[in-house]
Structures are given as C-alpha cells and as structure tokens.
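Notes for the one structure printed next.
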Amino acid sequence: MRVALPYPDCSVEVPDNRLMGVYALPDPPPNGTEPVIIRHALANPIGAPPLATLAQGAGAVLIVCDDVSRPTPAGKIIPYVLDELRAARVADHRIAFMMALGTHRPMTPAEMRAKVGDEVYDRYPVYNHAWDDPSQLEHMGETSDGVPVWINRRVAQADIVIGIGRIMPIDVCGFTGGGKILIPGCCGEVTNSEMHWVRASGNASSVVGTRDNPVRASIDALARQAGLSFIVNVVLDASGRVRACVAGDLAAAHREGVRRARPYHEVSLPARPDIVVADACPFDIEFWQANKAVDTAGLCVRPGGQVIVVSPCYEGFSQTHADELLRYGYPTRAEIIRLVESGRLPHKVVGVHMLQVREVMDRARLTLVTDGIPQADVERTGLAWAPSPQAALDRALAETGNGARVAILRGAAEMLPVLPAN
C-alpha cells in the first residue's frame, strides 16, 4: 500500500502484509462555528470573572501569543479578546502584544503580522520576548522551592496579562497551553531552565497525556507568581480549525481544556508496531520542534524497534541551540546529566531536549529523513539518516525481520497514542 505523507511528492510504499495501519488524528463533529465557540468561552470563563470585569480600571494590558513554532490561530481569537477589553473601557493605547518565544529565535515582522492579523499589527505595538537580554527582564522573587522568577519586564509592569495559546499533548509537561505562555514563553533563561529540568527526573510515559505532573505544577506556580491573569486556549482539529475553547484561570480553565482536547488527539493502536513512520507536520520549522513526532513515535514503538521521522527541518536542528546539539549530540542519559551538572551545558532546556530524544534512542533505532539538515550533521549527533522515507523503511524492514509490522502516524506531533495495557 502506498501512503502519502503531508509534504510535496512524499510517500512510502508498505507491503500489505507488513502494514499494521495508517493512523491519523480523530475528527469529531464540531460543536459550533469558530466565532460561536470562542465567544461562548469568553462569556463563560472558568475559575475567573469575565475579562470585561477583570480588566476594568486596568492601566496596562499585555496580550501574549505563542510564536511562529505554534500553529495557534491567534488572529481569530484576538478580536473577541479586544471586544472584552473595550467593554471594560480599556483604551487602545494601553494595550500591547508580545510573542512568547521561550528560547526560540525572534519572529520577523512578517511572522508577527501573520500571527496577530494585519489590523492588530498596524494598530498596536507588538514585541518579541527578549529572553537573552537581562535588561529586558525583571526579578519577581522566588517560588517556595527557591526557583528565581525572572520575567519579561513588560509582563511584570502590566496590570492585566492575557495568554492566548493552544492545548495539545506534549512531552515536557503533558499538554501545551495554560501558564506555559509565560513559563517558558516570556521568562528569563534561568527560570526556563529550572522549570524544564524538573522533567529530567521523569520519562515521557509518565508525563505525556497527564495534565497534573511535577513540571506542570512548576509552570502553574511560576506563571501565577509572574502575573498571568487570564488565558484563552483553543483546541484545534487536524485541519487547524478551532473546535473547542476555554477561558479563565490559568489552572482551572486549562484543566478543563485538557479534558476537551483529548478527543481530538487520542489515537488508539492495537499493539506496539516494530517500525513507526511518523511525519512532524505542522511542527517542521526545525528538529527542536519536530521532536514532538519523535516523542509520539517513541511511545508507540516496541523496544528494539525502529522509528523513522520525516520532516523538512528547514531551519536545521535549532536556530538558537544548534551549536550545543552539534557539539554534544545525543549521548547517554548519564552523560547528559553530567554535562548539565558540570556546567558544560549551561542551558538546561537543551539537556531536557537531549533527554527526550535519548529516551527514544534507547528504545529504538531513530532515523531522520530531512532536507534541512546535512547527512553529516544528522549522523554527528548519533541519529541515523536516510535520503527518503522509502529508503529508511526498506532498510528498517531488512533489519527488523520478516514478521515486522509497520504503523504510519500521520500528524504524529499532535497525537496522544493509546495502547493496550500489555
């Protein structure tokens, strides 16, 4: 059977007797149009008063959106948020926008315009979060665990901070959305690193698909201390359409949003395949993002199997952390921890990324099919490389044996796999 992958002229032929199945995101029926869904969420906030009430008397309002690495349709959500602010009599000159970069590269003006929409971009100031500029950060104390809270000074100085994002499964903290828009979205590198490093004590199977976990608890505490007032989070289907929306408190609304997101992301497999072929669409900007597909495939594959991830990665391994990845690659878990604890790898967020990939490499052979990273660089990090999905699959079938079963995961980066208990 020939299976098309979501890239130009990209497909793979799988022998019928080897194909376990082709799996894609579910498509439950919609519960209304996008405007109706968003308006209803704002009219019925969870764990917080309506935004029009909360924002009354606010001197400065900052609306924070996730960045170019996320397909959240912020431009569809923002007009309804602005309606609430107008109802609260917040003047336009008191409203600004910020792109939550985490430690990603800055967005270009064209990317920011595309994210917020032409009218908003032309009417309001829109900023990139400068995570690596200490002069743009403000110290807001420490958490009860002693983690320093460094946050973008525009966040610290705002009376109301509104986070716009999307809820979907992810390795580091179980699900995206909620307080993640500030931590790591708009915090300093040390706060970002300490939050991420909590993940080092766990593994993907104990985090992915679990809303309440140690990393999420750290995010909630840090984001609340940093001043996140209100969230508007959407759930998208495989085509990027808004199918659900929650608004309100960063934890209470997010918890309900996770519940609503599950039917759009849970994908059941009858057994663990020997070989997994997964595309990373739409998280293809760099391997740092395509790693979401690696995480999903790693959760599915049988121990000793093979994982093949297909992604353009047109900005390479990472725009901000490629040097570290090319220098150290994906060594053993013990070595990664030594690199971090010795200070040779000062950005703990890089250590967490390495640990995520290493977990999959310890379980299966990991092959990357990409046009964006040279073969020599891929192999330098310890990953296998193949020139095409077909070449990778043919090699995996030859190495795995006659009884090997193949699963194709379309849109793996957004999946929450559900497997039999045994």
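The values are calculated or read from the model by the stated rules, or taken from the named source; none is laboratory data. Note that this is a predicted model, so its numbers are computed, not measured. With ideal geometry, Cβ positions are generated from the backbone for all residues, glycine too; neighbour counts draw on all protein chains shown. Accessible surface is based on the protein model in full, side chains and every heavy atom, while ligands, DNA and RNA are left aside. Shrake-Rupley method; radii C 1.70, N 1.55, O 1.52, S 1.80 Å.
Taking all protein chains into account, the per residue accessible area for the chain stands at 38 Å² (1.4 Å probe).
Given the choices (i) 23.8; (ii) 19.7; (iii) 21.0, mean projected area of the Cα convex hull in nm² derived from the coordinates of this structure is entry (ii).
When DSSP beta bridges are restricted to pairs lying wholly in the chain, around 25% turn out antiparallel. Simple rule: put +1 on each Lys or Arg Cβ and -1 on each Asp or Glu Cβ in the chain, find the dipole, and look at Leu5, Val276, Ala251; the Cα lying farthest toward the positive end is Ala251.
Here the stretch 134-283 carries DSSP beta bridges of which approximately 70% are antiparallel, counting only pairs with both residues inside. Hydrophobic long helices, here whole DSSP H runs in the chain with Kyte-Doolittle means of at least 0.0 and Cα atoms spread over 15 Å or more along the helix axis, are found at 74-87, 214-226, 287-300, 348-363. Here's the list of lysines a cross-link from Lys76 could span, going by alpha-carbon distance under 22 Å and ignoring same-chain residues fewer than 8 apart: Lys115, Lys180.
Using a Förster distance of 30 angstrom, determine the FRET efficiency expected from the C-beta separation of Ser388 and Thr33, and round it to 0.05. The computed FRET efficiency comes out at 0.15.
Give me the number: length gained by fully extending Leu419 to Ser11, i.e. 0.36 nm times residue separation minus the C-alpha to C-alpha distance, one decimal in nm. Each step should come with its number before you reach the end.
Details: separation 408, 0.36 × 408 = 146.88 nm, distance 2.56 nm.
Full extension of this stretch gives 144.3 nm more.
Amide hydrogen proximity for Leu137: with H placed 1.01 Å from N in the peptide plane, the residues at 5 or more positions away or on another chain lying under 5 Å are Arg153.
For the stretch 1-138, what does the relative contact order come out to in percent, with C-alpha contacts under 8 Å and a separation of six or more?
Values: 131 pairs, mean separation 27.3, N = 138.
Dividing the mean separation by the residue count of the stretch 1-138 yields 20 percent.
With a 10 Å radius around each residue's Cβ, average the other Cβ atoms per peptide and rank 111-118, 149-156, highest first.
On the way: 111-118: 17.5, 149-156: 23.0.
Averaged packing, sorted descending, gives the order 149-156, 111-118.
Quick check on the stretch 112-228: take the gyration tensor over C-alpha atoms, sort the square-rooted eigenvalues as a ≥ b ≥ c, and tell me if it's rounded (a/c under 1.5), prolate or oblate.
Numbers: a/c = 2.23, a/b = 1.36, b/c = 1.64.
Verdict is oblate for the stretch 112-228.
In the chain, carbon and sulfur make up what percent of the accessible area (probe 1.4 Å)? After summing per-atom areas, the C and S share lands at 51 percent. Summary of the geometry: the stretch 261-295 and the stretch 101-147, compared by the centres of their Cα atoms, lie 28 Å apart.
If a/c stays under 1.5 just call it rounded; otherwise compare a/b with b/c (prolate if a/b is bigger, oblate if not). Do that for the stretch 328-373, with a ≥ b ≥ c from the square roots of the Cα gyration tensor eigenvalues. Intermediate values should be presented prior to the final figure.
Details: a/c = 2.85, a/b = 1.61, b/c = 1.77.
Oblate shape, in that a/c is at least 1.5 and b/c is the bigger or equal ratio.
Paramagnetic label reach from Arg241 (point 7 Å along Cα→Cβ; backbone nitrogen cut-off under 12 Å): within the stretch 27-47, residues 27-35. Within the stretch 313-336, whose backbone N sits under 14 Å from a point 7 Å along Cα→Cβ of Asp132? Only 318-325 fall inside the zone, counting backbone N under 14 Å. Highest GNM mean-square fluctuation among Ala322, Ala334, Ala247, for the chain modelled with Cα contacts below 10 Å: Ala334. Rounded to the nearest 20, the size of the Cβ-charge dipole of the stretch 288-415 about its Cα centre is 340 debye, with Lys and Arg at +1 and Asp and Glu at -1.
Label-to-label distance, Thr332 versus Glu266, with points set 7 angstrom from Cα along the beta-carbon direction: 3.9 nm.
Can you compute the FRET efficiency between Leu19 and Arg153 using 1/(1 + (r/R0)^6), with r the Cβ-Cβ distance and R0 = 60 Å? Round to the nearest 0.05. Kindly include the intermediate steps, with their values, before the conclusion.
On the way: r = 54 Å, r/R0 = 0.91.
E between Leu19 and Arg153, to the nearest 0.05, is 0.65.
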